[in-house]
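The values are calculated or read from the model by the stated rules, or taken from the named source; none is laboratory data. For clarity, every value in this text was computed on a predicted model and none was experimentally measured. Heads up, the Cβs are rebuilt from the backbone with ideal geometry, glycines too, and the neighbour counts pull from every protein chain shown. We work out accessible area using only protein heavy atoms, side chains counted, and drop any ligands, DNA or RNA first. Shrake-Rupley method; radii C 1.70, N 1.55, O 1.52, S 1.80 Å.
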Amino acid sequence: MKHTFFAASISALLSALLLSGCSNLSLRTNAGEIAIGNATVKDVNTYTLSEMSNFRARFLGDVTTSYCETSLNPDTLNDIPSLSSLTQSLKLQVAQRGGNAIVMKQCGKVSYPVCSVYLECNGEAYVIDRGF
């Protein structure tokens, strides 16, 4: 009984984190918000850590997003976000922090006990000073 409650609590927590982390992506139906989010994401470029050393850049912090699917129902498995959409979520987080660059650390499927499918992406947010 305690295990079921724990698993349900973890699932609810992960769902809340996912919704809060991706709330500015195309999950909204307002076309204006979608357009703003897409334009902002296009302003964030992806670099390697070695490429970042060529710029005058300031580290803004780590960014992360994840998705947990607890159901094995084939209908819900069709709604799993793509790795591209998770990457877009990270770029949006960078833009919201005032950044214009991201160094991707990892993005893909990860084994997580309470999830039938668990995707996680993380990276580092930077702002590059382009005025020099």
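Condition check ((1) among the β-branched types (Val, Ile, Thr); (2) over 19 Å from SER50 (Cβ atoms)) across all residues:
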site	(1), (2)
THR65	yes, yes
THR70	yes, yes
ILE80	yes, yes
SER85	no, yes
LEU90	no, yes
ALA95	no, yes
GLY99	no, no
PRO113	no, yes
GLU120	no, yes
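Across the stretch 87-122, what is the total count of residues that are small (Gly, Ala, Ser) and in contact with a Cys (Cβ under 9 Å, 6 or more places away or on another chain)? If you could, list the steps in order and put the result at the bottom.
So the first thing to find is which residues in the stretch 87-122 are small (Gly, Ala, Ser), and the list is 89, 95, 98-99, 101, 108, 111, 116.
Then drop every residue that is not in contact with a Cys (Cβ under 9 Å, 6 or more places away or on another chain), which leaves 89, 108, 116.
Going through the stretch 87-122 one residue at a time, the tally reaches 3.
Of all residue pairs spaced 6 or more apart or on separate chains, those with beta-carbon atoms under 7 Å, a first member in the stretch 38-63 that is without any contact (Cβ under 8 Å) to a residue 60 or more places away in the chain and a second member that is among the basic types (Lys, Arg) and surrounded by 15 or more Cβ atoms within 10 Å (Cβ to Cβ) are VAL41/LYS91; VAL44/LYS91.
For (1) touching a Ser or Thr at 6+ places or on another chain (Cβ under 9 Å); (2) open to solvent by less than 60 Å² (accessible area, probe 1.4 Å); (3) modelled with pLDDT of 90 or more; (4) among the aromatic types (Phe, Trp, Tyr), each residue gets a yes or a no:
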| residue | (1), (2), (3), (4) |
| --- | --- |
| LEU25 | yes, yes, no, no |
| ILE34 | yes, yes, no, no |
| TYR47 | no, yes, yes, yes |
| ARG58 | no, no, yes, no |
| ASP79 | no, no, no, no |
| LYS109 | no, no, yes, no |
| GLU120 | yes, yes, yes, no |
| ALA125 | no, yes, yes, no |
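Among the residues making up the stretch 60-118, a single one is touching a strand residue (DSSP E or B) at 6+ places or on another chain (Cβ under 6 Å), of a type in the set (Gly, Ala, Ser) and part of a helix (DSSP H, G or I): SER89.
Evaluating ASP129 against the criteria (1) closer than 17 Å to LEU49 by Cα; (2) open to solvent by less than 50 Å² (accessible area, probe 1.4 Å); (3) among the acidic types (Asp, Glu) leaves one unmet condition, (2).
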